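What follows draws every value from the coordinates through simple rules; no lab data is involved. These figures come from a predicted structure and were not determined experimentally. We place every Cβ from the backbone using ideal geometry, glycine too, and count neighbours over all the protein chains shown.
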Amino acid sequence: MSARIPPGQIVTKGWPVLHAGTVPYQLTRDTWTLKLSGEVDAPATLTFADLLALPQKSVTADIHCVTSWTKLDTVWTGVPFSVLRDRAAVRPNARFVVMDCEQGFTTSLPIDVLSDETVLVAHTVAGAPLAPEHGGPVRMFVPKRYFYKSAKWLRGLRFLAKDEPGFWEVRGYSNVADPWLETRYTVDDVREIHRMRKANLFQPTG
Ligand SMILES: Nc1nc2c(c(=O)[nH]1)N[C@H]1C(S)=C(S)[C@@H](COP(=O)(O)O)O[C@H]1N2
Ligand SMILES: [Mo]
């Protein structure tokens, strides 16, 4: 196994389009908004212009779909998640974020996992506006997790004290979704908890 490719993954040169339901073509940069809500002191609804007025960053990273394709060296531009977290003035009791999408898809991750410099609320790929088929005008970009954690057509970030497992997560997919641990399914999360318990590394997340 190459150190670059996570276990069980195969490199693809193309870029598959994968999602439940249809593409919401009516959602454009002009109609799109992003709601910051939940356990926050500064709830807000941002327009695309508001998003562009925030600090921007480009990240180059590999993406890994749980169905086993990996695409190398993708280049994304957007606003770091941490900037939006700070903009929302998240309360100390908030630990998770639910990413709410157009048409009802959701996924979630701990705020800590989303708070490093690789995670973007992204609007541009390889220098071009994100295509509707790939989640445009705006989607999450979370390259260190399987790609189902990178919510397409993002419409809200809901900050919560308790986790609320998302669309794929309640259908048997891992809530951890770590390509390097190869936690693909719920049962793999249980395996990881056992491994960490044995090593005295397990910290319950409530
Ligand atoms: N809103 C929404 N986002 C979603 C999905 C979805 O069904 N709906 N599918 C996820 C899955 S399983 C994958 S692999 C990626 C695929 O992104 P792509 O079509 O740009 O390759 O989007 C993720 N984000
Ligand atoms: Mo996926």
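Of the options W76, S58, A3, report the single residue whose Cα projects farthest towards the positive end of the charge dipole of the chain (beta-carbon charges: Lys, Arg +1; Asp, Glu -1).
Farthest towards the positive end: A3.
Please go through the range 33-127 and write out the GluC sites (Glu not before Pro) that DSSP classes as loop and that have at most 10 other C-beta atoms within 10 Å. Display every interim value, and only then the final one.
On the way: sites: E39, E102, E117; in loops: E39, E117.
Hits after loop and neighbour filter: E117.
If the viscosity is 1.567 mPa s and the temperature 4 °C, what translational diffusion coefficient in µm²/s does Stokes-Einstein give for the range 1-101 when Rh comes from Kirkwood over Cα pairs?
My calculation gives 78 µm²/s for D.
Mean residue ellipticity at 222 nm from the helices of the chain, using -39,500 (n - 2.57) per DSSP H segment of n ≥ 4 over the full residue count, to the nearest 500 deg cm²/dmol?
After summing the helix terms and dividing by residue count, I get -4000 deg cm²/dmol.
Among T45, T124, T186, which one moves the most in a GNM of the chain with springs linking Cα atoms closer than 10 Å?
The residue with the greatest mean-square fluctuation here is T45.
Grab the Cα-Cα distance for L72 and Q56, subtract it from 0.36 nm times how many residues apart they are, and report the gain in nm with one decimal.
Contour length minus Cα-Cα distance gives 3.6 nm.
If I model a spin label at R171 and T45 as a point 7 Å from the Cα along the Cα→Cβ vector, what separation in nanometres do I get?
The modelled label-to-label distance comes out at 2.9 nm.
Just how large is the dipole of the range 97-206 about the Cα centre, in debye to the nearest 20, putting +1 at every Lys and Arg Cβ and -1 at every Asp and Glu Cβ?
Values: 14 positive and 14 negative charges, 38 e Å.
Roughly 180 debye, rounded to the nearest 20.
In nm, give the distance between the simple-model label positions of Y25 and N200, each being 7 Å from the Cα along the Cα-to-Cβ direction.
For Y25 paired with N200, the spin-label model returns 6.1 nm.
Of all chymotrypsin sites (Phe, Trp or Tyr not before Pro) in the range 1-80, which ones are in loop regions per DSSP and have a Cβ with at most 13 other Cβ atoms within 10 Å? Walk me through the numbers before you get to the answer.
Values: sites: Y25, W32, F48, W69, W76; in loops: Y25, W32.
Taking the range 1-80 and a limit of 13 other Cβ atoms within 10 Å, the loop chymotrypsin sites (Phe, Trp or Tyr not before Pro) found are Y25.
Work out which trypsin sites (Lys or Arg not before Pro) in the chain are exposed loop sites (DSSP not H, G, I, E or B, at most 15 other Cβ within 10 Å) and give the longest gap free of them. Could you put the intermediate results ahead of the total?
On the way: sites that count: R4, K13, K162.
Counting at most 15 other Cβ atoms within 10 Å as exposed, the longest clean stretch of the chain is 14-161.
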